[in-house]
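Trainee: Let me give you the structure first, and then I'll get to my questions.
The values are calculated or read from the model by the stated rules, or taken from the named source; none is laboratory data. Worth saying up front: this structure is predicted, and the values here are computed from it rather than measured. Don't worry about glycine lacking a Cβ; one is built from the backbone with ideal geometry, like all the others, and counts go over all protein chains shown.
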Amino acid sequence: MSSSNHSQPSVSTESSTIQTETGEVQARTNEDTLICKECKTVVILKNMTTEFLNEERDLPLPRQKKGIDHTQTEPVRGYFGVKDIFAFENVGFTRSSEGKRYLVCGECEQGPVGFVDTLTEMNYVTPERLAVQQTTNSPVEN
Amino acid sequence: MAKTYDYLFKLLLIGDSGVGKTCVLFRFSDDSFNNSFISTIGIDFKIRTIELDGKKIKLQIWDTAGQERFRTITTAYYRGAMGIILVYDITNERSFENIKNWIRNIEEHAASDVERMIIGNKCDIEERREVSRERGEQLAIEYGTKFLETSAKANLNIDEAFFTLARDIKSKMEQNEMRAGGSASNTGRVNVGGTGTQKKSFFSNWSCSLL
């Protein structure tokens, strides 16, 4: 399991395609409203987050295989972060598991869709486990 | 960052173990979730956003995490609570009798002006009913609270319960504000910095069943 230490916002270009091993934090808001992939409930409206964590973290798989005594995880890269929990529209906070807390859809509880950094108390959600809400002007995709 | 909502209400669910409080709030007791990571570790609280009379309201809703089994629900849990949903199970007489004890507990530990509501859950199991609807209504009248029978399983009246409680808190708060001449004191009222609203049926799938 990777450490939960944050790397300092290191010297970087303005590019959003940095692929360092250490990852880094950029000041960045979410350009899209993010919704649950399963039930389409809005998790966070656009322009609510304050940073983007370009790091890989292990997130538990939503579905765990039976008969395995440890939590199965997969590495997921890229998280939008916000300090204020009320920045979210609909979200659930899990109890602590092995010192970690996770975020789930506030409606159907699909997830984890993110995690809480217990040191900084920042709340992170990953676009990898959420969908983008299509604006009404664009063609409907679902 | 500017606040994007008008009110913030902290709500609690209270009642005996097994009455379906968790089902009212969370879904993870559903069989189909047995395999899920989330059902294993459990959920602490949820933030839900609703709209009432054009006002955007954030609800922070807490479950007791089974503390009721140990009768350890005290001041810390009630702190800051503006609304409490008391839940009993219509198929369990004892859980109904205990509502009185829970109300005593609330009166002892919670803020005196906390908004309360009584819910008779599991009304989808009519054949095992032990508590009539009339007795539930009578109890609610006795304590001056609203009353609803719900089925978390059948997703009946769950939305209504949260909306009703939120509406009651909001009304009370607006009255207080008017009385206080608009000076905001220890209320859930927050400054509005902008609005971002979207239409959705909230809590629509908030039950113990999967989609």
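Trainee: Restricting to strands (runs of 3 or more DSSP E) lying wholly in the range A:24-89: which have 1 or more residues that are surrounded by fewer than 21 Cβ atoms within 10 Å (Cβ to Cβ) and more than 13 Å from chain B (Cβ to nearest Cβ)?
Mentor: Once the strands (runs of 3 or more DSSP E) in the range A:24-89 are filtered for at least 1 residues that are surrounded by fewer than 21 Cβ atoms within 10 Å (Cβ to Cβ) and more than 13 Å from chain B (Cβ to nearest Cβ), what remains is A:25-27, A:51-60, A:73-82.
Trainee: For the range B:32-39, does any single residue satisfy the condition of being within 11 Å of chain A (Cβ to nearest Cβ), within 15 Å of residue B:169 (Cβ to Cβ), surrounded by 15 or more Cβ atoms within 10 Å (Cβ to Cβ) and modelled with pLDDT of 75 or more?
Mentor: Checked against the condition, which is being within 11 Å of chain A (Cβ to nearest Cβ), within 15 Å of residue B:169 (Cβ to Cβ), surrounded by 15 or more Cβ atoms within 10 Å (Cβ to Cβ) and modelled with pLDDT of 75 or more, the range B:32-39 yields no hits at all.
Trainee: Hey, another quick one. Go through the range A:20-45 and report how many residues are in contact with a Gly (Cβ under 8 Å, 6 or more places away or on another chain) and either at pLDDT 95 or above or of a type in the set (Asp, Glu) (or both).
Mentor: Number satisfying all stated conditions: 2.
Trainee: From the list B:56, B:100, pick out the single residue that is out of contact with any Pro (no Cβ under 6 Å at 6 or more places or on another chain), modelled with pLDDT of 90 or more and crowded, with 16+ Cβ neighbours inside 10 Å.
Mentor: So the residue among B:56, B:100 that is out of contact with any Pro (no Cβ under 6 Å at 6 or more places or on another chain), modelled with pLDDT of 90 or more and crowded, with 16+ Cβ neighbours inside 10 Å is B:56.
Trainee: Filter the range A:90-107 down to residues that are more than 16 Å from residue A:33 (Cβ to Cβ), at the interface with chain B (Cβ under 7 Å from one of its Cβ atoms), buried (at least 21 other Cβ atoms within 10 Å of the Cβ) and touching a Ser or Thr at 6+ places or on another chain (Cβ under 8 Å), then give me how many there are.
Mentor: 1
Trainee: Going by the structure shown, is residue A:126 farther than 30 Å from residue B:153 by Cβ, surrounded by 14 or more Cβ atoms within 10 Å (Cβ to Cβ), of a type outside the set (Lys, Arg) and more than 12 Å from chain B (Cβ to nearest Cβ)?
Mentor: It is true that residue A:126 is farther than 30 Å from residue B:153 by Cβ, surrounded by 14 or more Cβ atoms within 10 Å (Cβ to Cβ), of a type outside the set (Lys, Arg) and more than 12 Å from chain B (Cβ to nearest Cβ).
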